[in-house]
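Please treat every number below as a calculation from the coordinates, not as lab data. No experiment lies behind these values; they were computed from the predicted model shown. Methodologically, a virtual Cβ is constructed for each residue, glycine included, from the backbone with ideal geometry; neighbour enumeration extends over all protein chains shown.
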2 protein chains.
Amino acid sequence: MSGPPVNTTIAEVDTLPRPRPTIRNVAERAGVSKSLVSLVLRGSPHVSEHRRQAVLQAARELGYRPNAVARSLVEGRTHLVGALVADLHNPFYAEFLDGLQESLHGDGLRMLIGNSQWDPAFEDEAVEAFLELRVDGLVLLGIAPTSETLIEATSYTPTVVVGERDIEIDGVDIVVDDDQLGARLAIDHLVDLGHKRIAHIEGTKSSRCEGYLVAMRRHALAPYIMVEHAVSTEDGGREAAVALLTREPRPTAVFAANDVVALGVLTAAHELGLRVPEDLSVVGYDNTHLSASRHISLTSVDQPRRTMGRSAAALLSDRIGDPGKLARLRQVTPELIVRRSTGPA
Amino acid sequence: MSGPPVNTTIAEVDTLPRPRPTIRNVAERAGVSKSLVSLVLRGSPHVSEHRRQAVLQAARELGYRPNAVARSLVEGRTHLVGALVADLHNPFYAEFLDGLQESLHGDGLRMLIGNSQWDPAFEDEAVEAFLELRVDGLVLLGIAPTSETLIEATSYTPTVVVGERDIEIDGVDIVVDDDQLGARLAIDHLVDLGHKRIAHIEGTKSSRCEGYLVAMRRHALAPYIMVEHAVSTEDGGREAAVALLTREPRPTAVFAANDVVALGVLTAAHELGLRVPEDLSVVGYDNTHLSASRHISLTSVDQPRRTMGRSAAALLSDRIGDPGKLARLRQVTPELIVRRSTGPA
DNA sequence: GCGGCGCACTCGATCGTTTGGGAAGACAGG
DNA sequence: CCTGTCTTCCCAAACGATCGAGTGCGCCGC
């Protein structure tokens with residue numbers, strides 16, 4: 001009666017996380033059945049204003065928050081989509097995810113991100129986790145479903161693959177940019193500037209290399225074709241570039257598979273005492289903010305990342321609503337952004 | 001009896017996603033009770049080898065995958081940790097998340113990522129979602145729990161805040177680098193090089209600015225103190241830098257609150273025809289791969305990101321195991337990485 | 001006065017697991 | 001043959017929500 005209530009001293013010893021209130025507690029406090037609480041919370045019209053207020057107030061007072069786990073169990077769906085990305089550091093993915101999330105949000109879907117760090121074992125593990133969580137859909141970024149787990153996953157869960165075109169799995173949608181066109185834009189630009197010895201550093205996207213080859217031949221530059229392979233890192237790009245630039249005669253322009261690799265090319269050029277763009281023109285791919293930065297100012301092919309994210313979201317929502325559709329391919333159009341890393345031959 | 005079975009034609013029309021097998025189906029197929037299946041799957045020792053094999057085989061044949069939703073419901077925990085990050089594009093966060101995920105994984109916890117895009121409304125929404133999902137823990141990156149939702153969240157869910165030190169909430173652990181020390185390292189370095197007019201561009205971390213002020217005074221350079229505020233983008237940095245560099249007399253060195261801002265400083269310097277480091281020295285903070293890139297080669301203060309991620313994971317796991325602990329502050333030691341953006345005054 | 005109809009609300013089954021408390025069988029000791 | 005102890009397995013009650021199928025009740029028209 002006097003002094004602090006007994007509970008206060010107990011609370012100091014007791015652990016904080018009291019059990020969260022359930023729909024039951026709300027029902028009891030409001031003096032109604034739990035069904036009615038559910039009805040109110042889901043916005044049913046067949047509830048009297050009187051009771052509705054009682055329920056709402058009880059919920060507020062208790063700090064009630066619906067348990068998505070229980071809801072998912074009975075609904076049979078989680079309203080979650082898993083996005084598996086090979087590399088969070090790649091700014092391309094970050095921006096894509098922005099677009100994806102934005103659109104999913106509009107469809108009442110939540111995005112989970114898993115990153116595989118390019119490791120197939122992690123990929124499998126992450127997908128496994130997503131499947132156990134019973135995500136409603138899957139978005140694979142820079143990851144081709146080749147492992148058994150991944151393929152099995154696609155048969156149970158609506159899936160969209162981004163950035164890989166050679167997937168032939170039933171009911172898997174694909175979002176890519178038209179990177180053959182992208183490559184062509186890059187080569188056309190370089191040819192316009194008078195370049196002939198245009199080399200290419202290929203990464204994982206074989207169609208970009210394809211586009212390079214086609215474009216070179218169209219310009220009757222087949223004899224000048226030079227291709228080097230590199231892993232998608234700055235260092236990988238540097239090594240490949242060194243290999244290219246020490247050839248005799250050396251290329252006057254390099255079209256790199258992506259910006260990170262292009263960055264490595266710039267590094268290599270610098271190390272070899274070549275000025276850009278006077279001695280060497282460089283074109284990247286992806287138009288990441290790296291390339292936009294004024295110190296780098298890299299001519300690059302832009303993929304409309306947000307748009308791609310939105311497309312992926314649209315395809316996925318669609319497929320979640322009606323699985324068993326035929327696979328669709330959504331191809332978006334890239335654009336060349338000219339900056340200061342390219343100049344006359 | 002002859003010709004294709006009837007089911008085949010139906011299957012063509014029917015939607016793909018057959019219902020996933022449950023523990024029941026496995027039990028039936030193996031001829032045991034569902035409890036036993038559960039026991040086998042959880043590795044109980046009190047199961048005869050005979051039955052264990054039968055169960056395992058049935059599970060394999062059906063492609064059974066446990067339903068984490070149901071499991072979570074009964075266990076009362078999800079083994080999920082929500083990481084709320086203000087900006088996925090910031091490479092600092094990306095690397096931190098790597099460290100975090102790596103460690104959480106060891107503790108059998110899964111990481112979900114939500115990004116708030118610096119928008120408090122999104123923050124609340126993401127946290128709300130995490131709470132409904134009943135995550136076991138919360139990691140807040142570059143986000144101070146100020147909104148009501150966030151504060152309520154911390155009282156129900158073990159929480160670790162990263163990069164914000166001025167949090168005074170019961171039972172919330174904090175991971176930060178000692179950025180007063182970081183600022184001192186930067187200033188000491190510049191003073192060693194003979195700089196006096198050292199300006200600072202402050203971002204959101206006030207303690208860095210504090211460290212700058214303290215260090216300047218310690219070197220008896222109080223009269224030269226110049227501070228400009230900027231939003232944490234390249235453009236924000238550029239504007240602030242232009243403001244600083246057009247002062248008379250202009251600073252010979254700039255210590256920026258982070259690398260992205262420092263990049264803006266480099267841009268501004270370039271635009272104003274100032275050479276780096278001959279006319280202007282620049283120090284950043286965070287040592288992102290931006291600064292490491294050879295074209296930028298920015299002297300920067302390194303926060304041990306992965307280590308911080310691991311610390312956060314450790315604190316969180318600990319708190320999940322035993323909530324109600326007192327709040328702890330884990331402060332990691334930064335390090336100066338000298339590159340080519342700093343030189344003699 | 002009574003059958004019929006709507007409205008407001010409740011009951012209880014259900015989702016796929018985990019898990020404590022048995023139950024059945026084998027086997028040994030008395 | 002009875003009892004007790006293990007081992008090996010099963011039953012059924014949770015977990016927290018949704019939702020179809022009811023149940024009362026007031027009100028209408030005839």
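Computed values, structure above
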quantity	calculated
Cross-link table A:325/B:34; A:34/B:325; A:34/B:34, entries beyond 31 Å C-alpha to C-alpha	A:325/B:34; A:34/B:325
Scattering profile of the protein assembly as shown at q = 0.05, 0.10 Å⁻¹ [log10 I(q)/I(0), Debye over alpha-carbon scatterers]	-0.30, -1.08
About the Cα centre, charge dipole magnitude for segment B:60-140 (Lys/Arg +1, Asp/Glu -1 at Cβ), debye	540
Taking only Cα atoms of segment A:212-345, radius of gyration then Dmax in Å	17.9, 58
Value at 222 nm in deg cm²/dmol, rounded to 500, when DSSP H runs of n ≥ 4 in chain B each add -39,500 (n - 2.57)	-14000 deg cm²/dmol
Two-site FRET efficiency, residue A:247 against residue B:345, from Cβ-Cβ distance with R₀ of 45 Å, rounded to 0.05	0.55
Descending Cα extents along the principal axes, chain A, whole Å	93, 54, 36
Other protein chain Cβ atoms within 10 Å, averaged over every residue that makes up B:68-76	6
FRET efficiency for residue B:278 and residue B:307, using Cβ-Cβ distance with R0 set to 56 Å, rounded to 0.05	0.95
Net charge of neighbours whose Cβ lies under 10 Å from the Cβ of residue B:156, counting Lys and Arg as +1 and Asp and Glu as -1	+3
Size of electric dipole in segment A:164-245: Cβ of Lys, Arg +1 and of Asp, Glu -1, about Cα centre, debye, nearest 20	640
Shape box of segment B:90-141 [Cα atoms, principal axes, largest first, Å]	32, 28, 10
Between segment B:281-336 and segment B:109-136, the alpha-carbon center distance in angstrom	21
Shielding by other protein chains, B:286-297, mean Cβ within 10 Å	4
Residue among A:155, A:222, A:265 farthest towards the positive dipole end of segment A:139-283, charges placed on Cβ	A:222
Pairwise FRET efficiency - residue B:105 versus residue B:227, Cβ, R0 = 51 Å, nearest 0.05	0.75
Between segment A:31-72 and segment B:249-265, the Cα center-to-center distance that results, in Å	54
Sorted peptide list for B:230-243, B:128-141, B:210-223, criterion being average Cβ within 10 angstrom, highest first	B:128-141, B:230-243, B:210-223
DSSP-defined antiparallel bridges as percent of all bridges, chain A, nearest 5	10
Alpha carbon centroid spacing (whole Å) that separates segment B:200-225 from segment B:154-193	16
Unit charges on C-beta of K, R, D, E only; dipole of segment B:113-180, Debye	200
